[in-house]
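Data first, discussion second: the structure below is written as structure tokens.
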Amino acid sequence: KSSHFDGLKKNASIRSLGLSRCELSQGVGREVLKAFQENSKHLTKFALWRCTIRIEDTHALSSTIPRCVNLREISLMSCSIDDIILKDLVQSMKGHRRLKQLDLQNNRIGKAGCEVL
């Protein structure tokens, strides 16, 4: 299965990656994240829409984001992100000097999550 994603590991033209309604801890979502852990320097925009992010998914996502050093936009819309998950994700975004936009619309972020931001 992993061999199907080898092209993503070598492709230098993909600047924007969007995934919708996928699992991040297994299946296609996980394989795409793994590919971009190896080939991350070209990516400037990363978006997830309606991908329910659970605590067990944060490792896959938090391992990919720090490697994508040229990210300018991160969008995690309608992903059921709560304060605990947000804390881990914010840690993975530290050091992203080019990041200009972080979209967290339609999540479950409360006061503690806002303070982390």
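Given a cut-off of under 8 Å on Cα pairs at least six residues apart, what relative contact order in percent is computed for region 1-48?
52
Averaging sequence separations of C-alpha pairs under 8 Å and six or more residues apart, then dividing by the length of the chain, give the relative contact order as a whole percent.
24
Suppose accessible area is computed on protein heavy atoms with a 1.4 Å probe; arrange 42, 4, 96 from highest to lowest.
4, 42, 96
Determine the relative contact order of region 64-117: mean sequence separation of Cα pairs under 8 Å and six or more apart, normalised by residue count, in whole percent.
Computed over region 64-117, the figure is 51 percent.
Taking the solvent-accessible surface of protein heavy atoms with a 1.4 Å probe, what is the per residue accessible area of the chain in Å²?
Each residue of the chain exposes 56 Å² on average to a 1.4 Å probe.
Report the full-extension gain for the segment residue 102 to residue 69: residue separation times 0.36 nm, less the Cα-Cα distance, to one decimal in nm.
Length gained between residue 102 and residue 69: 10.4 nm.
Give the carbon-plus-sulfur fraction of the accessible surface of the chain in %, rounded to a whole number; probe 1.4 Å, heavy atoms of protein chains only.
Carbon and sulfur atoms account for 47 percent of the accessible area of the chain.
Along the positive direction of the dipole of region 8-105 (beta-carbon charges: Lys, Arg +1; Asp, Glu -1; about the Cα centre), which of 13, 35, 76 reaches farthest?
13
Residue 87 to residue 14: extension gain in nm, 0.36 nm per residue of separation minus the Cα-Cα distance?
Separation in residues times 0.36 nm, less the Cα-Cα distance, equals 23.5 nm.
At 222 nm, what helix-only mean residue ellipticity would the chain give, in deg cm²/dmol to the nearest 500, using -39500 (n - 2.57) for each DSSP H run of four or more?
Helices in the chain give a 222 nm mean residue ellipticity of -9500 deg cm²/dmol.
Towards the positive end of the charge dipole of the chain, with charges on Cβ (+1 Lys, Arg; -1 Asp, Glu), say which of 65, 105, 53 has the farthest Cα.
65
Quick one: of 41/111; 34/111; 10/111; 45/87, which pairs are farther than 30 Å apart, Cα to Cα?
41/111; 34/111; 10/111
The values are calculated or read from the model by the stated rules, or taken from the named source; none is laboratory data. Source: prediction; values computed, not measured. Backbone-built Cβ (ideal geometry, glycine too); neighbour counts: all protein chains shown. Only protein heavy atoms, including side chains, enter the accessible area calculation; ligands, DNA and RNA are left aside. Shrake-Rupley method; radii C 1.70, N 1.55, O 1.52, S 1.80 Å.
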